[in-house]
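Report on the following structure.
The values are calculated or read from the model by the stated rules, or taken from the named source; none is laboratory data. Remember, it's a predicted structure, so these values are computed and weren't measured experimentally. Virtual Cβ from ideal backbone geometry, glycine too; neighbours counted across all protein chains shown.
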Amino acid sequence: MDWTPFSHIVVNLARQIRPGEIAFSGVNSTLAMLACLLAKRAYDFHFTYLNVAGGVEPVPEKIPQSSSDPALVAGSPAIFGNEDFYDLCARGRLDLVFLGCAQVDGLGRTNVSVIGDWNNPKVRLPGGGGAAVMMPTARRVVTWRTEHSPRTLVEKLDFVTAAGNLQAVVTPIAVFQKRDGRLALESRNPQVALAEVTRRTGFRFDSSGARPTAPITARERAALASLDPSGEFEAAVRA
């Protein structure tokens, strides 16, 4: 099966999770939430999943519609408040945190504050939320962009909202991993040439050793279909 923009993002976010980790998905992070649920269904190893809705190892009875859906606390043995997540992260106990962004640069810093000049912005964004606290204290942070373009993957951020331990960026056409302090291309959607990834990326990056993204497995495909049986989430993601 060829990769779609939706499947490439969700599956490759799920592939960032490692056995035994504590992983957290934040607010406005539907794709990361789906990735965590996919990993629970498609992979044999155990990891602990926490989410911003307060769920701890939830077992949703229905497919959550957003990353803050109350369905994400179903079956949880405990309910966490935001202060609990921040405290856990500050103490170095969150292994992997999925945090969204509007812009990301080659150093792995993110902007979720403004587009344009701070004093006269083109767009005023919601702000950092927990990003400025969690990005420096989580062991690893992963972000994603549904749009892979020079205006989202930028050489220079319009505003630095958060910096720290961001290790990976996933898009519909590429997966970047931090290497020697900068984001480097780990893999690309095999339907897209390296030249196109380069053209659509605003920051310079090392592509040595980059390979085509490994094909989606049967278990990943089945888990993804079970999470989006009507294609509702798929339809919302465009390359």
Review point. Does region 73-86 contain any residue that is surrounded by 23 or more Cβ atoms within 10 Å (Cβ to Cβ) and among the hydroxyl-bearing types (Ser, Thr, Tyr)?
Key: no
Check your understanding: Pick from Gly20, Gly26: which is in contact with a Phe, Trp or Tyr (Cβ under 8 Å, 6 or more places away or on another chain) and at pLDDT below 95?
Key -> Gly26
Check your understanding: Counting just the residues of region 90-126 that are within 30 Å of Pro60 (Cα to Cα) and over 17 Å from the mean Cα position of the chain (by Cα), which one comes out modelled with the lowest pLDDT?
Key -> Pro126
Check your understanding: Among (1) crowded, with 17+ Cβ neighbours inside 10 Å; (2) modelled with pLDDT of 95 or more; (3) part of a loop (DSSP other than H, G, I, E, B); (4) over 13 Å from the mean Cα position of the chain (by Cα), where does Gly129 come up short?
Key -> (2)
Revision key, fill the gap. Checked against (1) closer than 30 Å to Asp87 by Cβ; (2) surrounded by 21 or more Cβ atoms within 10 Å (Cβ to Cβ), His148 satisfies every condition except (1)
Check your understanding: Among the residues of region 133-145, is there at least one that is surrounded by fewer than 22 Cβ atoms within 10 Å (Cβ to Cβ) and in contact with an Asp or Glu (Cβ under 8 Å, 6 or more places away or on another chain)?
Key -> yes
Review point. For region 43-65, how many residues meet the condition of being surrounded by 15 or more Cβ atoms within 10 Å (Cβ to Cβ), free of Cβ contacts under 8 Å to residues at least 60 places away in the same chain and within 15 Å of Leu31 (Cβ to Cβ)?
Key: 4
Exercise for review: Could you tell me whether any residue of region 187-201 is among the basic types (Lys, Arg) and in contact (Cβ under 8 Å) with a residue 60 or more places away in the chain?
Suggested key: no
Practice item. Please name all residue pairs, on different chains or six or more residues apart, with Cβ atoms under 9 Å, provided the first residue is in region 11-39 and is of a type in the set (D, E, K, R) and the second residue is in a helix (DSSP H, G or I). Key: Arg15/Ala35; Arg15/Ala39; Arg15/Glu220
Practice item. Please report, ordered by residue number, the helices (runs of 4 or more DSSP H) entirely within region 1-97 with at least 2 residues that are under 29 Å from Ile173 (Cβ atoms). Key: 5-14, 30-42
